[in-house]
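Colleague: My questions all concern the structure below.
The values are calculated or read from the model by the stated rules, or taken from the named source; none is laboratory data. A quick note: this is a predicted structure, and the numbers were derived from the prediction, not measured. So basically every Cβ, Gly included, is an ideal-geometry build from the backbone, and we count neighbours across all protein chains shown.
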Amino acid sequence: MPPARAALRSLLVGAVVGSVGLSAAWAGVSILPTPAASTQGAGVGNGPDGEHGKPSPSPSPTASPTPTGIPLPGATYLVGAAKSSIAPRPKDMEKRFPGARWETNPAECKTLDQNEISRIAGGNVMEPLDGIASTGSPWPENPSCIYMGGFGIGPMNPVSSFDTVDGLWVRSLAISDGSQTLITTVIDAEGWLYDYKSKCTDCGAKQIAEALAGDPELKALGVTTASHVLHATHSHSAPDFIGGWGFVPNWYMAQVTDTIKATAKAAVLSMQQAKIEVGEIEARPYNSERRDTYRSAEEQQLSWLRAVGANGTIATLGAYAAHPTANGTNSGVASGDWVALFERRLEERFGGVGLHIMTGLGNMSNSGGVTIGTKLADLLPAIGKGRPVLGGDLKLAQKTYTSPITNVPLDALGTPGFFDRRFDPTPVAVSVGKEQTAPCTSASAQSVVLPITAAKLGDDVVITTAPGEVFSNATNTIKEKSTTAVVFPFAQSNDALGYMPQSFEINPVGQQGLGFAFGGYVFVNYEDSYAVDRCIGDGILETTLKMVSDLK
């Protein structure tokens, strides 16, 4: 290890110990030690204010055991983790949002006739509707209601309660080599956008990363704007933070944004020396491809990473592709679907914080229902049985890919704010493909900027991110091109801009709205109707492969 980096690592450990010992309070929350098993946070109740309508205290991120400074033989990185409940706390938000409330009576939550969607997607502009001033969305929704994401379009499935067994969470894992820090944050949600158009000015993944990088404590510990990866589990029975299915109240958006920042910071401030081990397990029985017009190869590996410190397991992360739709609309109970069972089981088996990341899920359904979460977690080997990460620098890069917007129906939804993503009025033309020998070409009068991150831990681990639902061909290709490492090709990270098939996988007719018809199952693959451009999958893949190649 270079002397300068060794000195910085010692300084990091000392700074972290000091910060935790004095108080790491930030945004009204503080770091607490995590028990060996999963901890249920405050406020995970059946009513708007907690269990049986009782007031819920402000939650504190539960972090991995505070560092002792005890050197671990073979330890090569600093690692920390934390988790916080996202159960709604309207009473705690009343000072910033007078009258904040969560409407839990589904009869009071407006829904939208799906026939209206066809009119909107066809280019007809809706008149201003109730709710636009309060929700930041033109949908005719009740601004005090929380809606699930992922089923149909528009306000369809209001949330009446939160799961009281597994809860819904923000979970963060921080890894540092003493110079740079990578923070992976997972939220139980259908999706989270990079840059919102109307809902907020500070809650996009872009602005959250900037806020974390601007925090003096975190900046001193190697956090930059490229450090933070915000991933949504994509559970369809979890809240919609995108706007396509009904959005959430403004006070709740602010509450969860604060929780994301606080949990990420808690993970960094709890970093301690740790050993990291990784592995890859074949998990063929638990997912299946679902394309209607052709067959595709599943992504069949469960990749995993575990960090163990002086006091035990800090965190275990698994990465697998299978749409979390087993719970359906769950009778109005918001849940993390099979992912929640996976994370709980990791915490029961190993201690620390359990996390799950979706990989190439765009064309992957789950096979086996919600119980696959427990079954997948039980595939992981015991502590110490993985491939040790032997050390080296943490290399980190972030770039953007500018995509055309050629999907007319999605443009019709996005431009007026029914889908609350900021688009750029700048024209763009792309030509992307395998070494430009078989390029996909596209152009449009407006565009969208999409973030992509690549990271490498020594020669043992490669992590990439995609800003939406990439398909298994893309993630399998990323793994194929990184044969010397265990690869984590994250999807739905730092953005959630729909499906991202490659050009050979997309039906251009279906992309222009036919996939909306009859639920999207009659004429074409319905995923095509949620792809902003026919070249988007190619562009994301080629950019990612080039970034990984450059991390040498």
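Colleague: Can you name every residue in the stretch 227-249 that is at pLDDT below 95 and either closer than 18 Å to A211 by Cβ or small (G, A, S) (or both)?
Modeller: Of everything in the stretch 227-249, those that are at pLDDT below 95 and either closer than 18 Å to A211 by Cβ or small (G, A, S) (or both) turn out to be G243, G244, G246.
Colleague: Here is a further query. Filter the strands (runs of 3 or more DSSP E) completely within the stretch 392-506 down to those with at least 2 residues that are surrounded by 18 or more Cβ atoms within 10 Å (Cβ to Cβ) and either under 24 Å from the mean Cα position of the chain (by Cα) or on the phi > 0 side of the Ramachandran plot (or both).
Modeller: Strands (runs of 3 or more DSSP E) meeting the threshold: 394-404, 447-457, 461-465, 486-490.
Colleague: Something else: Quickly run through the stretch 305-354 and pick out the residues that are of a type in the set (S, T, N, Q) and either under 18 Å from N287 (Cβ atoms) or part of a helix (DSSP H, G or I) (or both).
Modeller: Matches in the stretch 305-354: T325, N327, N330, S331.
Colleague: Would you mind finding the one in G369, G384 that is at positive phi, free of Cβ contacts under 8 Å to residues at least 60 places away in the same chain and not basic (K, R)?
Modeller: Being at positive phi, free of Cβ contacts under 8 Å to residues at least 60 places away in the same chain and not basic (K, R) holds for just one of G369, G384, which is G369.
Colleague: May I pose another question? So is S482 among the hydroxyl-bearing types (S, T, Y), at pLDDT below 95 and touching a strand residue (DSSP E or B) at 6+ places or on another chain (Cβ under 6 Å) or not? Give the steps one after another, and end with the answer.
Modeller: Values: among the hydroxyl-bearing types (S, T, Y): yes; at pLDDT below 95: yes; touching a strand residue (DSSP E or B) at 6+ places or on another chain (Cβ under 6 Å): yes.
Considered against the rule, which asks whether it is among the hydroxyl-bearing types (S, T, Y), at pLDDT below 95 and touching a strand residue (DSSP E or B) at 6+ places or on another chain (Cβ under 6 Å), S482 comes out as yes.
Colleague: Taking the stretch 215-233 as the region of interest, how many residues are surrounded by fewer than 24 Cβ atoms within 10 Å (Cβ to Cβ) and either within 14 Å of the chain's Cα centre (by Cα) or closer than 19 Å to Y194 by Cβ (or both)?
Modeller: 3
Colleague: Filter the stretch 271-311 for residues that are touching a Phe, Trp or Tyr at 6+ places or on another chain (Cβ under 9 Å) and among the basic types (K, R); which is modelled with the highest pLDDT?
Modeller: R306
Colleague: Every residue in the stretch 157-177 that is more than 18 Å from M253 (Cα to Cα) and surrounded by fewer than 24 Cβ atoms within 10 Å (Cβ to Cβ), please.
Modeller: Once the filter is applied, which keeps residues that are more than 18 Å from M253 (Cα to Cα) and surrounded by fewer than 24 Cβ atoms within 10 Å (Cβ to Cβ), the stretch 157-177 yields D163, T164, V165, D166.
Colleague: Given the criterion within 27 Å of V487 (Cβ to Cβ) and of a type in the set (D, E, K, R), identify the matching residue among E210, E217, E277.
Modeller: E277
Colleague: So, E210, is that one part of a helix (DSSP H, G or I), among the acidic types (D, E) and surrounded by fewer than 24 Cβ atoms within 10 Å (Cβ to Cβ) or not?
Modeller: Yes, satisfied.
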